[in-house]
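Heads up: the structure comes next, in structure tokens.
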Amino acid sequence: MGCFSCFIPLRKDVSKVEIDNGTRSSGSGRGKASFKDGENGRWKGKGGNGPKNSAACSFTFRELAVATRGFKEVNLIGEGGFGRVYKGRLETGQVVAIKQLNHDGLQGFQEFVVEVLMLSLLHHSNLVTLIGYCTDGDQRLLVYEYMPMGSLEDHLFDVEDDKEPLDWDTRIKIAVGAARGIEYLHCKANPPVIYRDLKSANILLDNEFNPKLSDFGLAKLGPVGDNTHVSTRVMGTYGYCAPEYAMSGKLTLKSDIYSFGVVLLELITGRKAIDMTKRPGEQNLVCWSRPIFKDRRKFVHLVDPLLQGRVPVRCLHHAIAITAMCLQEQPTFRPLISDIVVALEYLASQSYKRERYKDEVPSNPSASPLRENRNVCSRKSDHRMSSLSI
Ligand SMILES: Nc1ncnc2c1ncn2[C@@H]1O[C@H](COP(=O)(O)OP(=O)(O)OP(=O)(O)O)[C@@H](O)[C@H]1O
Ligand SMILES: [Mg+2]
């Protein structure tokens, strides 16, 4: 995965966090981490429907070594910029994912602190749960709930022949859940939190393909009062970062909306945000897609071939409209996440009701790729969507 700072792709093993005003205390003491809710409910995630009062536990390195059987290679389930991720089983029997920081410098340590702080304070069913952490000596490990289906990236790209590709309904379900996670960060956390690292690799999936956002090491407190943005060094992942943030370092909630648009586009197309194996002109997914957004007749070219045409056309059009709005160059034109949630929930409700589509899907998708079912969108729902139409 290409990460970047100031548009320069970095090595995978280079951590990519930058912290200034986001960090207040380390939370690295033994026992239960405790973070006081400030005045007026500040820093208390309101309205979350995830586990309540679930303070992260402190583990010894020995406990985590036992859980992973000595960090055996066979238990390795992934590796990212932060370090290696192992599957493990705690003494209690709970299966967990354990992320071990590689010792590549200060940035990873800072990312660790932000991650523990953020996930100790923010709780929602669409955010991954941090069970605990380890700060023995110079060891830094994070212990998460185990997400059996891995990341969205694993299911969208380079799908092996024997693996079932994600169907349309599941893609919309994942989009809705991810949007709800962002809505919680933007609208219910106080002060709001800018996630800053939204990408398919950071959307983890449970057995029912319910998505949970992970990796909060780059998250920042959003602007408060009359401020419209926070200024930061540009950090994030190449291909997902909003252009104005990349240019100016001015971070707003709308930066996350752009990244969300890129994820939506990946869900629709099955293409990676950046894919250097593609021919020039197709390597950057957003650049490739923009001209297609302008011509409805070409929308079919965007659809992931693995869907084999099993897509309700009208829902597809709405999904592309939402995506295009999220990807507006001008951040103020991008929708609020709460509007996106409403629009996507509407699409999901249509999906579940559409047994009738099954008869309408062409048996040979290449001959007649997508047909429209005019009964799909009710008048009322069309009206609701209109604020998000392009
Ligand atoms: N809680 C978890 N449950 C199950 N698998 C996980 C969990 N957390 C991470 N993984 C697996 O480990 C992989 C690596 O995750 P990690 O967050 O370290 O890196 P990344 O997000 O792919 O990249 P980067 O951190 O460099 O941006 C994921 O793709 C996923 O397959
Ligand atoms: Mg990740």
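The values are calculated or read from the model by the stated rules, or taken from the named source; none is laboratory data. For clarity, every value in this text was computed on a predicted model and none was experimentally measured. Using ideal geometry, Cβ is built from the backbone for each residue, glycine included, and neighbour counts are taken over all protein chains shown.
Here I182 fulfils each of the conditions (1) under 20 Å from E79 (Cα atoms); (2) in contact with a strand residue (DSSP E or B) (Cβ under 9 Å, 6 or more places away or on another chain) apart from (1).
Conditions (1) surrounded by fewer than 19 Cβ atoms within 10 Å (Cβ to Cβ); (2) modelled with pLDDT of 95 or more; (3) outside the structural domain of M235 (by TED's automatic domain parsing), marked per residue:
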| position | (1), (2), (3) |
| --- | --- |
| R42 | yes, no, yes |
| S58 | no, yes, yes |
| V95 | yes, yes, yes |
| Q100 | no, yes, yes |
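Could you list, in sequence order, all residues of segment 70-84 that are more than 15 Å from ligand 2 (Cβ to nearest atom) and of a type in the set (D, E)? If the condition is that a residue be more than 15 Å from ligand 2 (Cβ to nearest atom) and of a type in the set (D, E), then E73 is the only one that fits.
Here L127 fulfils each of the conditions (1) more than 18 Å from the chain's Cα centre (by Cα); (2) within 16 Å of ligand 1 (Cβ to nearest atom) apart from (1). Restricting attention to segment 57-97, which residues are aliphatic (A, V, I, L, M) and under 12 Å from G132 (Cβ atoms)? Answer for segment 57-97, where residues must be aliphatic (A, V, I, L, M) and under 12 Å from G132 (Cβ atoms): L64, A67, L90, V96, A97.
For segment 134-161, name all the residues that are in contact with a Phe, Trp or Tyr (Cβ under 7 Å, 6 or more places away or on another chain), part of a strand (DSSP E or B) and within 16 Å of ligand 2 (Cβ to nearest atom). So that I can check it myself, show each step before the final result.
Within segment 134-161, the subset in contact with a Phe, Trp or Tyr (Cβ under 7 Å, 6 or more places away or on another chain) is 134, 136, 139-143, 149.
Among the residues that remain, those that are also part of a strand (DSSP E or B) are: 134, 141-143.
L141, L142, V143 - these are the residues of segment 134-161 that are in contact with a Phe, Trp or Tyr (Cβ under 7 Å, 6 or more places away or on another chain), part of a strand (DSSP E or B) and within 16 Å of ligand 2 (Cβ to nearest atom).
Going by the structure shown, is C326 surrounded by 20 or more Cβ atoms within 10 Å (Cβ to Cβ), more than 21 Å from the chain's Cα centre (by Cα) and in the same structural domain as I268 (by TED's automatic domain parsing)? No; evaluated as a whole, the condition is false for this residue. S338 satisfies every condition listed in (1) within 21 Å of I174 (Cα to Cα); (2) out of contact with any Asp or Glu (no Cβ under 6 Å at 6 or more places or on another chain); (3) modelled with pLDDT of 95 or more except (2). Applying the condition of being away from ligand 1 (no atom under 16 Å from the Cβ) and either without any contact (Cβ under 8 Å) to a residue 12 or more places away in the chain or small (G, A, S) (or both) to segment 165-212 and asking which residue is farthest from E266 (Cα to Cα) yields A189.
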